[in-house]
Amino acid sequence: MTEIISNPNAVTPATETHPLLRVENLAVHFPIRAGPLATVSGHVKAVDGVSFDLHAGETLSIVGESGCGKTTCAMAIARLQTPTDGRISFAGQDITDLESRRLRPVRRRMQIVFQDPFSSLNPRMKVSDIVAEPLVVHGLAGEPDVLRRRVGDLLALVGLSPEMGRRYPHQFSGGQRQRISIARALALEPDLIICDEAVSALDVSIQAQILNLLMDLQQRLGLAYLFISHDLSVVRHISHKVAVMYLGRIVELADRDALFNDPQHPYTQALLAAAPVPDPDRASPYLPLKGEAPNARNPPSGCPFHPRCPHAISQCSTDVPALRQVGNRSIACPVVAPA
Amino acid sequence: MSTLLRVEDLSIAFGEAPDDVRVVESVTFDVARGETLAIVGESGSGKSVTALSILGLLGHGGSIVDGSICFGGVDLHTLDEAAVRRIRGNEISMIFQEPMTSLNPALTIGKQVAEPIRIHRGVSWKEALEEAAQLLERVSIPDPRQRLKDYPHQFSGGMRQRVMIAMALACSPALIIADEPTTALDVTVQAQVLNLLKTLTREMNSALVLITHDLGVVAQYADKVAVMYAGGIVETATAQELYRNPKHPYTLGLMASIPGASVNPRSRLKAIDGSPPDVANLPDGCPFAPRCQFAHEGCTAFRPPLRAVGGGGHMMACVGYD
């Protein structure tokens, strides 16, 4: 089954100079409308100056709490959300302003798996039609016989039997539905799959199965994943690199081990400290966080984290810290990484 | 510590005929004052239904078909609705998962927090509101007197859940049942809410039954744990014992499924094959047998009861291996 699925684009080795995906200063601002004439009274800066590189065959996770902009960021990269500013390059091509017709070939190589396997599959379509749909839409369906075999192979690839294609989504469990979503995403042989909380709705024993599947597929097909998640233990397991977001900005970006073994940004430390560890003998070594994330409509001045930060100095309330390369990571904090 | 709540051989069925679908089968556990018992399991394991049955909140179609729920020496199952109502919200209170839907959007926070105080203690609205303000202060809501006049939509998710805790604590209950109290919350807020719940129950010397699917939360906050699968308890022990020395194949599988610090990053997780059975259509014998790597023919003969393994109340329901 692999020869049909094997991906000619996937063998491109990861190099420093040619990332598969390059995001530079990405911003997505939503207007706040108020009053009887719905005049624009301000902007929610959902994503504000996000930059990172993702190489072929690599998993980059974006982690953060609700409202930090991680999903908006992913949707802008998939061009399902129009960026306000910045640049998105995919496989060397600037896709920031591509019109929808010219976006099509890009979308073939960039697919999404969504969080909720109950609402992201059309309940009136047979599973085989769901998996075949991207091929039909992109005019790659070919002869009915070939298509049927192809769909069967895709289902087998995600651990379902080809006969299951005759059933409807409601006849499957949550984990199986997520496998169907993954099969659909794989149909076009993409280079990049954006996983937006793809395992968050699943029970832990099923979640482990899907994580194994994602890692297997990455190894076999050379896929890159942009993995959006709030779950630190999942991120720790699946990622090569991790970006931590807070209120629309990346506060720390590092290799997995550097980030988890030696978190430097006060928010990263707090986030790791708050995550409950499945070990009654292990207390967390970092300071617990006070308060809650501020409202994105009315963010604090300077560093958005300063009102909750145990290390804040006066400069933090006035200057927005830039993401700075310090040693093995990028970090936005004037205390930990002074200019 | 003397036992406050003892649930014994509890079985719950849903459906027209009393034995239609058994969603909970012979569940036994107890909890003492000052103690936190976690009931952990995946969706459909019966953990929430067990919790609801303690409060007599099974609703239409659900009924207790066997067993007893002994609270402070009284079998709650034998009481009439009026007697249960005097206990519910007063001696036993409940915190639900969704702070968005379990608060009434049309009533002020003050009214909702003061209501149980007024009903169960018979004090005036004025006194009840004063006490409500003190409760909000105890759960660290800034400017509590002013906030009493606000509506739920003016509170964040974490603050709403703190309001729920304030309501649950209003009558200093002996037993608090919290059903996935932090599942809808962000992790930094979850830590705040769970720490608060733990501190306050300790102060009141209450018992806490924590229903959760999160083995991390269990490890950090529970004294005792009961692991549920397909409507039955498969293993129970103190939290330390369970994590150091898990015995039941399902517990072992769950622990191995959690990614994180103790597993090599990017290694294959030892996932449990298959998915949980439909409780309406359970396999013969042990319901975990079809997914169990240690299963043999003996496992399909009968559903194994809990038996002691080692000391300190460590028990598991498995005949397959030792």
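The values are calculated or read from the model by the stated rules, or taken from the named source; none is laboratory data. This structure is a prediction, so every number in the text was calculated from the model and none was measured. Here the Cβ is made from the backbone with ideal geometry for all residues, glycine too, and neighbour counts use every protein chain on show. With ligands, DNA and RNA removed, areas are computed over all heavy atoms of the protein, side chains included. Shrake-Rupley method; radii C 1.70, N 1.55, O 1.52, S 1.80 Å.
Within 10 Å of each Cβ of B:268-279, how many other protein chain Cβ atoms are there on average? Working shown, then result.
On the way: counts 5, 11, 2, 11, 6, 2, 5, 10, 4, 0, 1, 0.
Other-chain Cβ atoms within 10 Å of each residue's Cβ, averaged: 5.
With heavy atoms of protein chains only and a 1.4 Å probe, what residues of region A:47-78 have at least 40 Å² less accessible area in the full set of chains than alone?
In region A:47-78, residues shielded by partner chains: A:65.
Report the extension gain between residue A:122 and residue A:97 in nm, rounded to one decimal, defined as 0.36 nm multiplied by the number of residues separating them, less their alpha carbon distance. Display every interim value, and only then the final one.
Working: separation 25, 0.36 × 25 = 9.00 nm, distance 2.98 nm.
Roughly 6.0 nm would be gained on extension.
How would you classify the protein assembly as shown from its alpha-carbon gyration tensor, with a ≥ b ≥ c the square roots of the eigenvalues: rounded for a/c under 1.5, else prolate if a/b is greater than b/c, otherwise oblate? Display every interim value, and only then the final one.
Details: a/c = 1.82, a/b = 1.23, b/c = 1.48.
Since a/c reaches 1.5 but b/c is at least a/b, the shape of the protein assembly as shown is classed as oblate.
Using θ = phi - 60° and the Karplus relation 6.51 cos²θ - 1.76 cosθ + 1.60, list the HN-Hα couplings for region B:158-174 in order, rounded to whole Hz, with x at every Gly or Pro.
Residue by residue, region B:158-174 yields x, 5, 4, 5, 5, 5, 4, 5, 4, 5, 5, 8, 3, 9, 6, x, 6 Hz.
Can you find, among A:291, B:24, A:92, the residue sitting farthest towards the positive end of the charge dipole of the protein assembly as shown, where Lys and Arg contribute +1 and Asp and Glu -1 at Cβ?
In the protein assembly as shown, that residue is A:92.
Do you know the relative contact order of region B:139-214, to the nearest whole percent, from alpha carbon pairs under 8 angstrom that are 6+ apart?
On the way: 55 pairs, mean separation 27.3, N = 76.
So the answer I get is 36 percent.
Search the structure for amide H atoms under 5 Å from the amide H of residue B:309, placed 1.01 Å from N in the peptide plane, and list their residues when 5 or more places away or on another chain.
Here the answer is B:314, B:315, B:316, since their amide H atoms fall under 5 Å of that of residue B:309.
Leaving out ligands, DNA and RNA, calculate the buried accessible area for the pair B and A with a 1.4 Å probe, summed over both sides, in Å² to the nearest 100. Kindly include the intermediate steps, with their values, before the conclusion.
Working: alone 15460 and 16640 Å², together 28760 Å².
The buried area between B and A, both sides summed, comes to about 3300 Å².
What average count of beta carbons from other chains do you get within 10 Å of the Cβ of residues in A:227-236? Display every interim value, and only then the final one.
Values: counts 0, 0, 0, 2, 3, 5, 8, 3, 3, 6.
Whole-number average of other-chain Cβ neighbours for A:227-236 is 3.
Taking the Cα centre of the protein assembly as shown as the origin, how large is its charge dipole in debye, to the nearest 20, when only Lys and Arg (+1) and Asp and Glu (-1) carry charge on their Cβ atoms? Could the numbers behind the result be given before it?
Details: 61 positive and 68 negative charges, 282 e Å.
Dipole of the protein assembly as shown, to the nearest 20 debye: 1360 debye.
Report, by chain and number, residues whose modeled amide H sits under 5 Å from the one on residue A:32, excluding near sequence neighbours (fewer than 5 apart, same chain).
When sequence neighbours closer than 5 places are left aside, the close amide H contacts are A:41, A:42, A:43, A:44.
Taking residue A:241 as the anchor, which lysines have their alpha carbon closer than 19 Å to its alpha carbon, excluding any fewer than eight residues away along the same chain?
In chain and number order, the partners are A:70.
For the pair residue B:198 and residue B:264, what calculated FRET efficiency results from E = 1/(1 + (r/R0)^6), where r is the Cβ-Cβ distance and R0 = 30 Å, to the nearest 0.05?
0.40
What are the residues whose amide H is under 5 Å from the amide H of residue B:57, where those residues sit 5 or more places off or on another chain and H is modelled from the backbone?
Under 5 Å from the amide H of residue B:57 lies no amide H from a residue far enough along the sequence or on another chain.
Over region B:102-170, what is the mean sequence separation of C-alpha contacts under 8 Å (at least six apart), divided by residue count, expressed as relative contact order in percent?
Relative contact order here is 45 percent.
Rounded to the nearest 0.05, what FRET efficiency do residue A:51 and residue B:60 have when you use their Cβ-Cβ distance and R0 = 45 Å?
On the way: r = 55 Å, r/R0 = 1.23.
Given R0 = 45 Å and the Cβ-Cβ separation, E is 0.25.
Within 10 Å of each Cβ of B:210-219, how many other protein chain Cβ atoms are there on average? Write out the running numbers ahead of the final one.
Values: counts 0, 0, 1, 2, 3, 6, 7, 2, 3, 7.
Taking the mean over all residues of the peptide, I get 3.
Given the protein assembly as shown, what percent of its DSSP beta bridges are antiparallel, to the nearest 5?
On the way: 59 of 96 bridges.
Just about 60 percent of them are antiparallel.
Suppose every Lys and Arg Cβ carries +1 and every Asp and Glu Cβ carries -1, with no other charges. What dipole size does chain B come out with about its Cα centre, to the nearest 20 debye? Don't skip to the answer; put the middle values down first.
Numbers: 28 positive and 35 negative charges, 206 e Å.
So the dipole magnitude of chain B works out to roughly 980 debye.
Beta carbons within 10 angstrom, averaged per residue: use that to sort the peptides A:172-182, B:275-285, A:125-135, highest first. Mind showing how you got there, number by number?
Working: A:172-182: 23.1, B:275-285: 15.5, A:125-135: 19.9.
Descending packing order for the listed peptides: A:172-182, A:125-135, B:275-285.
For chain A, give me the percentage of DSSP beta bridges that are antiparallel, rounded to the nearest 5 percent. Intermediate results must be reported in sequence, preceding the final value.
Working: 31 of 49 bridges.
Roughly 65 percent of the beta bridges in chain A run antiparallel, per DSSP.
Which one, A:242, A:269, A:152, projects farthest toward the positive side of the charge dipole computed for chain A from Cβ point charges (K/R +1, D/E -1)?
Final value for the positive-end residue is A:152.
Please give the per residue accessible area of chain A, computed with a probe of 1.4 Å over protein heavy atoms only, in Å². All intermediate terms of the calculation are to be shown ahead of the outcome.
Details: 14950 Å² over 339 residues.
I get 44 Å² per residue for this part.
Which ³J(HN,Hα) values, rounded to whole Hz and listed in residue order, are derived for region A:62-70 from phi using the Karplus coefficients 6.51, -1.76 and 1.60 in 6.51 cos²θ - 1.76 cosθ + 1.60 with θ = phi - 60°, glycine and proline given as x?
10, 10, x, 8, 4, x, 7, x, 5
What are the ³J(HN,Hα) couplings of region A:162-172, residue after residue, when phi is run through the Karplus curve with 6.51, -1.76, 1.60 and θ = phi - 60°? Round to Hz, x for glycine and proline.
x, 5, 5, x, 7, 8, 9, x, 5, 8, 10
When the helix-only estimate is applied to chain B (DSSP H runs of n ≥ 4, each -39,500 (n - 2.57), divided by the residue count), what is the mean residue ellipticity at 222 nm, nearest 500 deg cm²/dmol?
Details: 10 runs with 99 residues, N = 322.
Rounded to the nearest 500, the figure is -9000 deg cm²/dmol.
What is the magnitude of the charge dipole of chain A about its Cα centre, with +1 placed on the Cβ of each Lys and Arg, -1 on the Cβ of each Asp and Glu, and no other charges, expressed in debye to the nearest 20? Don't skip to the end; give the middle numbers.
Details: 33 positive and 33 negative charges, 154 e Å.
I would put it at about 740 debye.
If contacts are Cα pairs under 8 angstrom and at least 6 residues apart, what is the relative contact order of chain B in percent? Intermediate results must be reported in sequence, preceding the final value.
On the way: 605 pairs, mean separation 64.5, N = 322.
The value is 20 percent.
Excluding residues on the same chain fewer than 8 positions from residue B:198, give the lysines whose Cα lies under 28 Å from its Cα.
List returned: A:290, B:47, B:111, B:149, B:224, B:247.
Students often get this wrong: which residues of region B:1-33 have the backbone nitrogen under 19 Å from the point 7 angstrom along Cα-to-C-beta of residue B:302?
Label zone hits: B:9-11, B:25-28.
Using label points projected 7 Å from each Cα along Cα→Cβ, tell me how many nm separate residue A:129 and residue B:8, to one decimal.
So the two model labels end up 5.7 nm from each other.
Taking a probe of 1.4 Å, how large is the accessible area per residue of region B:154-224, in Å²?
Working: 1780 Å² over 71 residues.
Counting only protein heavy atoms, the per-residue value for region B:154-224 is 25 Å².
What is the percent carbon and sulfur in the accessible area of region B:102-170, measuring with a 1.4 Å probe over the protein chains and ignoring ligands?
Carbon-and-sulfur percentage of accessible area, whole number: 51.
Set Lys and Arg Cβ to +1 and Asp and Glu Cβ to -1, take the dipole of the protein assembly as shown about its Cα centre, and tell me which of B:165, B:239, A:132 lies farthest positive.
Looking along the dipole axis, the top candidate is A:132.
Quick one: if the Förster radius is 35 Å, what FRET efficiency do residue A:335 and residue A:43 give, using the C-beta to C-beta distance and rounding to 0.05?
Numbers: r = 28 Å, r/R0 = 0.80.
Plugging the Cβ-Cβ distance into 1/(1 + (r/R0)^6) gives 0.80.
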